[in-house]
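J.: Got a structure here, written out as structure tokens. Questions coming.
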Amino acid sequence: MDPRPERATPLETAASRTYALAFQGAPSSGMRLLQRAVLAALPPDARLIGTRGPTIIAVQRLSAESDPRVAAEALRTTVGERLGDTTLSVGVGGPRDRQHPLRLVALHAEQAVRLGRALYGHGRITAFGDLGPYCFVLGRPTEEIRSFCKAILGPLAERAQRDELRTLEEFLRAHGSVNGVARALFLHRNTVRQRLKRIGELTGADLEDADQRMTLYLAVLGQTALDQLAS
């Protein structure tokens with residue numbers, strides 16, 4: 001996110017919560033128009049805190065009883081109508097607390113909107129928690145995720161090895177079933193076995209070891225998320 005000094009605000013009380021909202025629309029709208037539309041739509045209890053890539057990020061304080069999805073949808077509708085953009089999407093991060101400072105919930109919101117558009121489609125609300133197992137590898141800077149993936153996957157993290165990465169992903173989803181991978185990818189079982197052997201050689205992992213397979217699965221999720229966030 002663009003570095004901006006955070007205004008000193010009290011941590012949440014029993015009566016209120018602070019959430020981050022990330023807005024992303026059609027490229028044709030342009031960042032300047034999107035920012036103006038968001039600024040015009042924000043209520044008094046909200047403010048912009050910065051931009052990152054194609055997203056505009058704001059924070060809003062809500063009562064403890066309020067649903068952040070409802071607030072996000074109201075803003076998405078208003079901003080979308082101002083821009084004439086039916087693809088406008090909003091990611092929700094938070095609430096902010098001592099374990100989740102403002103910069104972290106803002107990152108959650110950004111990752112939620114960008115990955116949510118790739119996974120679930122445009123024109124919707126995506127909370128960070130909606131990303132399911134991706135939450136285990138997100139919520140940290142992109143470079144940290146990339147370093148983790150590279151350390152676990154080795155050459156499989158490179159685009160030249162995407163066939164092997166896809167094979168590994170299906171192997172993990174199929175709980176180690178060669179037949180399951182063959183059916184999912186329309187491959188001969190011998191081809192799958194050859195790819196799995198090469199995957200083991202490239203990563204140095206024992207594909208029969210449950211703990212190593214779990215680590216590989218997290219790295220595959222991380223690499224998939226990186227690819228989507230970069231698109």
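J.: Answer yes or no as to whether Gly200 is surrounded by fewer than 16 Cβ atoms within 10 Å (Cβ to Cβ) and more than 30 Å from Ala72 (Cβ to Cβ).
T.: Yes; evaluated as a whole, the condition is true for this residue.
J.: Which one of these does Glu208 not meet: (1) part of a helix (DSSP H, G or I); (2) surrounded by fewer than 18 Cβ atoms within 10 Å (Cβ to Cβ); (3) not polar (S, T, N, Q)?
T.: Result: Glu208 passes all but (1).
J.: Please go through region 77-129 and give me each residue that is of a type in the set (Asp, Glu) and closer than 18 Å to Pro54 by Cα, ordered by number.
T.: If the condition is that a residue be of a type in the set (Asp, Glu) and closer than 18 Å to Pro54 by Cα, then Asp85, Glu110 are the ones that fit.
J.: When you look at Leu221, is it among the hydrophobic types (A, V, I, L, M, F, W, C), touching a Pro at 6+ places or on another chain (Cβ under 8 Å), under 27 Å from Leu138 (Cα atoms) and buried (at least 16 other Cβ atoms within 10 Å of the Cβ), yes or no?
T.: So Leu221 fits the description; yes.
J.: Could you identify the single residue in Phe186, Phe128 that is within 30 Å of Thr78 (Cβ to Cβ), at pLDDT 95 or above and of a type outside the set (A, V, I, L, M)?
T.: Phe128
The values are calculated or read from the model by the stated rules, or taken from the named source; none is laboratory data. Quick caveat: nothing in here was measured; it's all calculated off a predicted structure. Every residue, glycine as well, gets a Cβ built from its backbone with ideal geometry; the counts of neighbours run over all protein chains shown.
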